[in-house]
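Notes follow the structure.
The values are calculated or read from the model by the stated rules, or taken from the named source; none is laboratory data. Predicted model, so just to flag it, every value in this text is computed and none were measured. We place every Cβ from the backbone using ideal geometry, glycine too, and count neighbours over all the protein chains shown.
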Amino acid sequence: MIPDSDPDLDRRKAALRAKLRQRRRAANAANGLAIAALAAERFLAAIPVRAGQVVAGYWPMEDELDPRPLMLALQQRGTILLLPGVATQKAQPLVFRRWDDISTTPPAGRFGIPAPPADAPVLMPDILIVPLVGFDGAGHRLGLGGGFYDATLAALRAAGDPVLAVGYAFAVQQVAELPSGPLDERLDWAVTERGALAFER
């Protein structure tokens with residue numbers, strides 16, 4: 001892989017990241033629960049999901065849009081739910097393990113982040129619900145800078161797995177254009193409380 005070491009790119013990403021985290025924090029504080037419920041409805045109306053499909057979500061941290069209402073609805077439709085473990089190094093693919101009880105917080109894993117225990121079954125997702133800090137109209141995603149989801153999507157796509165990557169965010173996290181580098185993987189969809197956007201890759 002080509003290393004992403006452009007100092008100017010890193011600076012531009014950092015500036016946007018700070019700005020968009022403030023937007024996310026304000027949106028969550030203002031009406032986070034209602035927005036999460038509405039975003040779940042938007043997802044279910046737009047993204048084709050079948051019983052038996054494997055869907056990887058995430059456990060919300062800080063002010064991320066809460067995917068648990070969506071995950072509960074998906075489970076009621078017969079999907080198998082996964083949560084990511086915590087990678088030990090930056091830019092390493094995540095491992096996804098089954099977690100059926102979305103109403104219960106998983107045990108604290110590395111860095112105190114909730115994650116299924118090591119003996120939970122590891123599965124490959126058909127649909128990956130991706131947390132983010134920002135996104136644009138071309139499907140570029142800005143994360144926290146660890147590179148975990150970029151590495152995960154790159155590995156799944158290189159293996160030929162037809163994973164559907166769906167960014168999940170507050171509408172205020174969308175911007176006109178994001179700076180991107182050679183290691184940045186694009187989304188297939190983005191879903192907010194305002195609706196769903198499909199991207200061509």
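Restricting A165, A120, A138 to those that are assigned to a loop (DSSP other than H, G, I, E, B), in contact with a Phe, Trp or Tyr (Cβ under 8 Å, 6 or more places away or on another chain) and closer than 20 Å to T79 by Cα reduces the list to A120.
Restricting attention to the range 85-107, the residues that are outside any loop (DSSP other than H, G, I, E, B) and in contact (Cβ under 8 Å) with a residue 40 or more places away in the chain add up to 1.
Among the residues here, G181 qualifies as touching an Asp or Glu at 6+ places or on another chain (Cβ under 6 Å) and in a loop (DSSP other than H, G, I, E, B).
Just one of (1) surrounded by fewer than 20 Cβ atoms within 10 Å (Cβ to Cβ); (2) in contact with a strand residue (DSSP E or B) (Cβ under 8 Å, 6 or more places away or on another chain) fails for P125. It is (1). Each residue in the range 43-54 was checked for being closer than 17 Å to Q76 by Cβ and assigned to a helix (DSSP H, G or I), and 3 pass.
Checked against (1) over 17 Å from L74 (Cα atoms); (2) buried (at least 17 other Cβ atoms within 10 Å of the Cβ); (3) touching a residue at least 24 places away in the same chain (Cβ under 8 Å), V191 meets all criteria but (1).
Just for the range 71-82: of the residues that are closer than 16 Å to P125 by Cα and of a type in the set (A, V, I, L, M), which one is surrounded by the most Cβ atoms within 10 Å (Cβ to Cβ)? Step by step, filter the range 71-82, then rank; the result is L82.
Among the numbered conditions (1) hydrophobic (A, V, I, L, M, F, W, C); (2) under 22 Å from R98 (Cα atoms); (3) touching a residue at least 12 places away in the same chain (Cβ under 8 Å), the only one that A159 does not meet is (3).
Go through the range 83-114 and give me each residue that's small (G, A, S) and either at pLDDT 95 or above or more than 15 Å from G57 (Cβ to Cβ) (or both).
Within the range 83-114, A87, A91, A108, G109, G112 qualify.
Reported count of residues in the range 163-183, each being modelled with pLDDT under 95 and either of a type in the set (G, A, S) or crowded, with 21+ Cβ neighbours inside 10 Å (or both), is 2.
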